[in-house]
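Read through the structure below, which is laid out as structure tokens, and then see the notes.
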Amino acid sequence: MKFLKAYEPYKIREMMKEYFGDIDIGTEIVHISEALDRYSAKDIKSSVNIPDFNKSTVDGYALMSSDTRGASESMPVFLDVSGEVLMGTEAETEVVENTCVYVPTGGMLPKGADAVVMIEYTEKLDEETVAVNMAMHPGENIIYIGEDISVDDVIVKKGRKITAFDTGALSAIGVSEISVFKKPRTVIISSGDEIRRPEEDIKPGEVRDINSFVVGALIEKYGGEVIHKTIVDDDEGSLYNEVEKWIDRADIVIVSGGSSAGIKDVTAEVLDSFGKPGLFVHGAAVKPGKPTIMSCARDTALIGLPGHPGSSSIIFTIFGKELFKILLEKEDAIESFVEAELTYSLAGAPGKETYVMGTLENRDGKYLFNPLIKKSAAISQLSRSEGYVVIKSGTEGINKGNTVRVYTE
């Protein structure tokens, strides 16, 4: 099969939303102690106010702010201490004119008080009197009912990656279990007569499997789980049988290798043979990584990646991240990049979006980007790279000394 069409990345992303958007990966209920880095399957709203009582944000004395008008170090005001509030108990003493009540940080504000003066701005004269040497304003050092979280506030949006801080907020509103998307189940098939497992000795002409480990690690990073890895020969029947074995048990089946238009490159035909809607991408206007395949059948995403590691890694970084964003309905994330000065010129590729890996160097507080210019199959790029630069399609290149965005994820 020849390349159908080398689509630009933005067009491929649009088609991925169209074809993969209806894949149902399912949801499950997990305890918040197990929710870290999972993706929320729905908006989670608060059913309570936080705080649910007016409280002090400092250790000090609750009082009427009007009683401190004009107070200063040289001219303090004197107030009678009428009681104190203990942590975890209801404030029972009411503040009236010219009186105050001691409250700890987080303690309930007594009735009648509209401000709390920090203890540092007071002087205890005896057990019943304090001098206040600071004028207070209404609401100072107080957090009111619902000021932090109000009833019906959305605490966690659908598609949000749950953070440690989210689990704290959920606990605060009394939520101990939440609905999250299941981790997309993924199978990785490395195709090639020459591919061997890393623990095997190899003969001349053979290579050890790289792609399944790189792609597998990215899958876990993006929120999925690898349920099976295997190696098959460059044989249409073997590949078909392996995909058939897993297509109804996985949400994603990835085939690495056999995606171009060579004599033994059968991945496109195989992935297109499992029913409608079938193959919709066979060729990406990307360098490296033109032989990219995408198909959809039986509620499963079928992906064909280039065989060489550099290309496979770039393609799965670009489109794998998008795939998991679609399946997990992830909220839009802020792109992770740094700006750096390019240390030498880079040429673009006609009609293609070009990705160049490289290293970052911090020199005198300024980042420099050093491209790793080697042949696309160079293994060393994978471990040495600290980010990549994108040269847009239709751009001749980027000159040395220009400032570029270096994407670090």
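For segment 352-384, a residue qualifies if it is open to solvent by less than 50 Å² (accessible area, probe 1.4 Å), farther than 18 Å from Pro309 by Cβ and not charged (D, E, K, R), and the qualifying residues are Leu360, Leu368, Phe369, Asn370. For segment 17-48, the candidate set comprises residues that are in contact with a strand residue (DSSP E or B) (Cβ under 7 Å, 6 or more places away or on another chain) and over 18 Å from Phe181 (Cβ atoms); within that set, the residue that is most open to solvent (accessible area, probe 1.4 Å) is Lys45. Every condition in (1) open to solvent by less than 40 Å² (accessible area, probe 1.4 Å); (2) closer than 30 Å to Glu329 by Cα holds for Asp148 except the one numbered (1). Of the residues making up segment 181-220, just one is touching a helix residue (DSSP H, G or I) at 6+ places or on another chain (Cβ under 9 Å) and over 26 Å from Val270 (Cβ atoms), namely Phe181. Given (1) at pLDDT 95 or above; (2) part of a loop (DSSP other than H, G, I, E, B); (3) surrounded by 15 or more Cβ atoms within 10 Å (Cβ to Cβ); (4) not aromatic (Phe, Trp, Tyr), where does Ser393 come up short, assuming only one miss? Only one criterion in (1) at pLDDT 95 or above; (2) part of a loop (DSSP other than H, G, I, E, B); (3) surrounded by 15 or more Cβ atoms within 10 Å (Cβ to Cβ); (4) not aromatic (Phe, Trp, Tyr) is unmet by Ser393, namely (1).
How many of the residues in segment 152-162 are out of contact with any Ser or Thr (no Cβ under 6 Å at 6 or more places or on another chain) and open to solvent by 20 Å² or more (accessible area, probe 1.4 Å)? Steps first, please.
Going residue by residue through segment 152-162, those that are out of contact with any Ser or Thr (no Cβ under 6 Å at 6 or more places or on another chain) are 152, 154, 157, 159, 161-162.
Then drop every residue that is not open to solvent by 20 Å² or more (accessible area, probe 1.4 Å), which leaves 152, 154, 157, 161.
So the answer is 4.
Residue-level check: of (1) open to solvent by less than 40 Å² (accessible area, probe 1.4 Å); (2) out of contact with any helix residue (DSSP H, G or I) (no Cβ under 6 Å at 6 or more places or on another chain); (3) more than 30 Å from Ser295 (Cβ to Cβ); (4) of a type in the set (A, V, I, L, M), Met75 misses just (1).
The residues of segment 94-120 that are in contact (Cβ under 8 Å) with a residue 60 or more places away in the chain and closer than 17 Å to Met64 by Cβ, listed by number, are Val116, Met118.
Of all residue pairs spaced 6 or more apart or on separate chains, those with beta-carbon atoms under 7 Å, a first member in segment 390-403 that is within 22 Å of Ile318 (Cβ to Cβ) and a second member that is of a type in the set (S, T, N, Q) and in a strand (DSSP E or B) are Ile391/Thr354.
Contact map, segment 146-169: residues that are free of Cβ contacts under 8 Å to residues at least 24 places away in the same chain paired with residues that are crowded, with 18+ Cβ neighbours inside 10 Å, Cβ distance under 6 Å, separation 6+ or inter-chain. Pairs shown: Ala169/Ile155. From the list Glu331, Glu339, the one residue that fits, being outside any loop (DSSP other than H, G, I, E, B), under 24 Å from Tyr10 (Cα atoms) and open to solvent by 50 Å² or more (accessible area, probe 1.4 Å), is Glu339.
The values are calculated or read from the model by the stated rules, or taken from the named source; none is laboratory data. The structure displayed is predicted, hence computed values, not measured ones. Note that each Cβ is placed from the backbone with ideal geometry, even for glycine, and that neighbours are counted across all protein chains shown. To get the accessible areas, we keep the full protein, side chains included, count just its heavy atoms, and leave off ligands, DNA and RNA. Shrake-Rupley method; radii C 1.70, N 1.55, O 1.52, S 1.80 Å.
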